[in-house]
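Asker: I'd like to ask some things about the structure below.
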Amino acid sequence: MARLRRSLQGRVAVVTASTDGIGFSIAQRLAVDGAHVVVSSRKQKNVDTAVEKLKTEGLSVSGVVCHVGKKEDRERLIGNTVAEFGGFDILISNAAVNPDPGRIMNCTEAVWDKIFNVNVKSSFFLAKEAIPHMEKRGKASVIFVSSLMGYIPNYAKDVLGAYALSKTALLGLTKLMALELGPRGVRVNCICPGLIETRFGEAITKDERAIKFMKHNCPLQRNGQPEEMAGLASFLASDDSSYITGENIVAAGGLQSAL
Ligand SMILES: NC(=O)c1ccc[n+]([C@@H]2O[C@H](COP(=O)([O-])OP(=O)(O)OC[C@H]3O[C@@H](n4cnc5c(N)ncnc54)[C@H](O)[C@@H]3O)[C@@H](O)[C@H]2O)c1
């Protein structure tokens with residue numbers, strides 16, 4: 001007889017930028033699969049709304065405000081979680097920005113710094129700071145959120161320039177961290193979404209040219225939905241992926257070419 005045990009029962013997960021979009025869907029799915037999920041984003045109001053919504057679905061969640069670029073916010077996110085649960089098992093590093101969409105040769109130093117500070121530097125330091133509190137529980141899984149654009153930074157070169165490049169950096173970060181952390185029992189993987197219908201993605205997903213392009217070039221002929229990233233995240237967080245580390249996994253409807 002099948003055992004009715006949820007794949008993340010007893011685990012504690014922290015998900016950054018999880019009040020909306022892909023992060024919210026991942027938080028929801030991890031909680032449905034049995035984890036307690038710490039929801040976070042920059043604004044208290046958004047955290048409260050997301051936590052409330054998930055609680056009304058009967059899910060085990062709590063919330064902490066965290067701007068991932070601020071060390072003190074990262075310390076609070078980790079500190080509060082450790083104080084309540086003694087540690088945690090799953091870190092989903094999902095926050096990202098693209099403050100001034102444009103071509104790489106138009107990127108200013110200030111925009112470059114903001115993109116790399118949030119998307120790359122903060123992802124690394126949050127993981128580095130979290131790992132001592134995760135590894136002792138024996139099931140640590142770190143998951144970065146990169147992008148298909150990390151592989152093809154020229155995908156939408158008119159709007160994604162330096163942002164796409166920051167996502168390329170995460171592909172390498174995943175490989176490097178997995179190598180160093182494997183012997184400590186910590187797995188590090190990365191999800192690379194294609195075009196997903198969120199507020200962040202709508203500059204492209206709602207563009208007529210992109211819609212036409214997807215119809216003809218994406219094997220599944222459509223954009224993705226945030227929920228379609230959530231199962232992959234849950235799998236990578238669970239024991240079902242216990243022999244998988246250092247992988248950058250694309251979920252993009254089969255799309256392989258630049259816009
Ligand atoms: N939507 C897509 O087509 C797509 C494609 C590939 C990758 N991604 C990646 O997926 C992730 C989620 O994006 P999304 O599409 O769900 O859009 P989204 O706008 O819902 O998510 C981005 C989130 O990051 C948050 N954020 C920005 N700066 C932050 C900071 N300093 N600290 C904490 N949170 C911060 C924003 O508030 C926002 O909630 C991002 O890493 C994005 O790069 C999205």
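Please treat every number below as a calculation from the coordinates, not as lab data. In this text the structure is predicted, and so the values were computed from the model without any measurement. Please note: Cβ atoms are built from the backbone with ideal geometry, for glycine as well, and neighbour counts cover all protein chains shown.
Asker: Which of the peptides 29-38, 193-202 is most tightly packed, and how do the rest follow, judged by the mean count of other Cβ atoms within 10 Å per residue? Could you put the intermediate results ahead of the total?
Answerer: Values: 29-38: 24.0, 193-202: 19.1.
Top of the packing list down: 29-38, 193-202.
Asker: Please work out whether region 36-155 counts as rounded, prolate or oblate from its C-alpha gyration tensor, where a ≥ b ≥ c are the square roots of the eigenvalues and a/c under 1.5 means rounded, while otherwise a/b larger than b/c means prolate and anything else oblate?
Answerer: On the way: a/c = 2.00, a/b = 1.63, b/c = 1.23.
It is prolate, given that a/c is not under 1.5 and a/b is the larger ratio.
Asker: Suppose we take every Cα in region 1-69 and form the convex hull; what volume per residue is that in Å³?
Answerer: Numbers: hull volume 5.3 nm³, N = 69.
Here the figure is 77 Å³ per residue.
Asker: If the only charges are +1 at each Lys and Arg Cβ and -1 at each Asp and Glu Cβ, what is the size of the charge dipole of the chain around the Cα centre, to the nearest 20 debye? Each step should come with its number before you reach the end.
Answerer: Values: 32 positive and 26 negative charges, 35 e Å.
Its charge dipole is roughly 160 debye.
Asker: While we're here: How are the alpha carbon pair distances in region 124-224 distributed across 10 Å bins from zero to the largest one, expressed in percent?
Answerer: Pair shares across the bins are 14, 38, 25, 17, 5.
Asker: A further question on this structure: Based on the Cα gyration tensor of the chain, what are the three equivalent ellipsoid semi-axes, each the root of five times an eigenvalue, rounded to whole Å and given largest first? Numbers along the way, then the final one.
Answerer: Values: eigenvalues 160, 82, 68 Å².
After scaling each eigenvalue by five and taking roots: 28, 20, 18 Å.
Asker: Once amide H atoms are placed 1.01 Å from N in the peptide plane, what residues at a sequence separation of 5 or more from Val38, or on another chain, have their amide H within under 5 Å of its amide H?
Answerer: Sorted by chain and number, the residues that satisfy this are Ala13, Val14, Val15, Ser62.
Asker: For the chain, what does -39500 (n - 2.57) per DSSP helix run (n ≥ 4), summed and divided by total residues, give at 222 nm, in deg cm²/dmol to the nearest 500? The partial results should precede the final answer.
Answerer: Details: 10 runs with 116 residues, N = 259.
My calculation for the chain gives -14000 deg cm²/dmol from helical runs alone.
Asker: Here is a further query. In a shell of Cβ-Cβ distance under 15 Å around Ile22, excluding Ile22 itself, what net charge do Lys and Arg (+1) and Asp and Glu (-1) give? Numbers along the way, then the final one.
Answerer: Numbers: positive: Arg29, Lys167, Arg199; negative: Asp20, Glu197, Glu202, Glu227, Glu228.
Result for the neighbourhood of Ile22: -2.
Asker: Moving on to the next point. Note down the magnitude of the dipole of region 78-151 about its Cα centre, charges +1 on Lys and Arg C-beta and -1 on Asp and Glu C-beta and zero elsewhere, to the nearest 20 debye. It would help to have the intermediate numbers written out before the result.
Answerer: On the way: 7 positive and 7 negative charges, 34 e Å.
In total the dipole reaches around 160 debye.
Asker: Right, next: Given the pairs Lys121/Lys206; Lys167/Lys206; Lys71/Lys114; Lys128/Lys157; Lys55/Lys175, which are separated by over 24 angstrom at their Cα positions? Please report the intermediate quantities before stating the final value.
Answerer: Working: Lys121/Lys206 30 Å; Lys167/Lys206 22 Å; Lys71/Lys114 15 Å; Lys128/Lys157 31 Å; Lys55/Lys175 36 Å.
Distance filter (> 24 Å) returns Lys121/Lys206; Lys128/Lys157; Lys55/Lys175.
Asker: Still on this structure, I have one more. Gaussian network model of the chain, Cα springs within a sub-10 Å range: biggest mean-square fluctuation belongs to which of Glu57, Glu109, Glu72?
Answerer: Evaluated over the chain, the most mobile residue of the options is Glu109.
Asker: Out of every Cα-Cα pair in region 192-259, what percent are more than 14 Å apart? Walk me through the numbers before you get to the answer.
Answerer: Values: 1394 of 2278 pairs.
The proportion of pairs with Cα distances above 14 Å equals 61 percent.
Asker: If the only charges are +1 at each Lys and Arg Cβ and -1 at each Asp and Glu Cβ, what is the size of the charge dipole of region 161-259 around the Cα centre, to the nearest 20 debye? Before the final figure, lay out each step's value.
Answerer: Details: 10 positive and 10 negative charges, 61 e Å.
In total the dipole reaches around 300 debye.
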